[in-house]
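Heads up: the structure comes next, in structure tokens.
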Amino acid sequence: MFYDAVKNEELNKFLDKFPEYKPENDTNDLNWSALERQIQSWYRMPDDPRQVGELLIKAHRDIVKIPSDRGAVEVKKQQLKVASSGSTGTQRSSPQKPVNPRLSQLLRTHMQGWSEEEISKLEQKLPE
């Protein structure tokens, strides 16, 4: 009983520090799912419930550090979506540069496993 109370307190502190994991900011549970996968894959729950907050922060840092991980990409997408929302909660649209289709196809051929968003970002950085 005591363990769960302290664990929930640590979880609430974590959510206050990293609001992108809150249900209202993570509507598809992308961030939370990635965090849970990281914890289940690499960590075990500590015996001391006061260390749960440290565990959550460590798992969060691991997710943010690994951009090639699909979960981390989804987390970054969600973070960008939340961060780009204005005070009204609507997302701003950014102007899109025209993309050279031949270059785009060439990139797609050699970049298997990359998301469309990652390829688009690379295309935008290339000189025309």
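Which members of the range 7-21 meet the condition of being within 13 Å of the chain's Cα centre (by Cα) and either modelled with pLDDT under 90 or surrounded by 16 or more Cβ atoms within 10 Å (Cβ to Cβ) (or both)?
Phe18, Glu20, Tyr21
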Go through the range 16-43 and count every residue that is over 14 Å from Lys77 (Cα atoms) and either assigned to a loop (DSSP other than H, G, I, E, B) or touching a helix residue (DSSP H, G or I) at 6+ places or on another chain (Cβ under 6 Å) (or both). 9
Look through Glu20, Glu36, Glu10 and report the one residue that is closer than 14 Å to His60 by Cβ, of a type in the set (Asp, Glu) and in contact with a Lys or Arg (Cβ under 8 Å, 6 or more places away or on another chain). Glu10
For residues that are crowded, with 19+ Cβ neighbours inside 10 Å and not aliphatic (A, V, I, L, M), scanning just the range 22-44, find the one that is modelled with the lowest pLDDT. Asp26
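The values are calculated or read from the model by the stated rules, or taken from the named source; none is laboratory data. Treat the numbers as computed from the prediction; the structure is a model and nothing was measured. For neighbour counting, all protein chains shown are included, and Cβ atoms are generated from backbone atoms with ideal geometry for every residue, glycine included.
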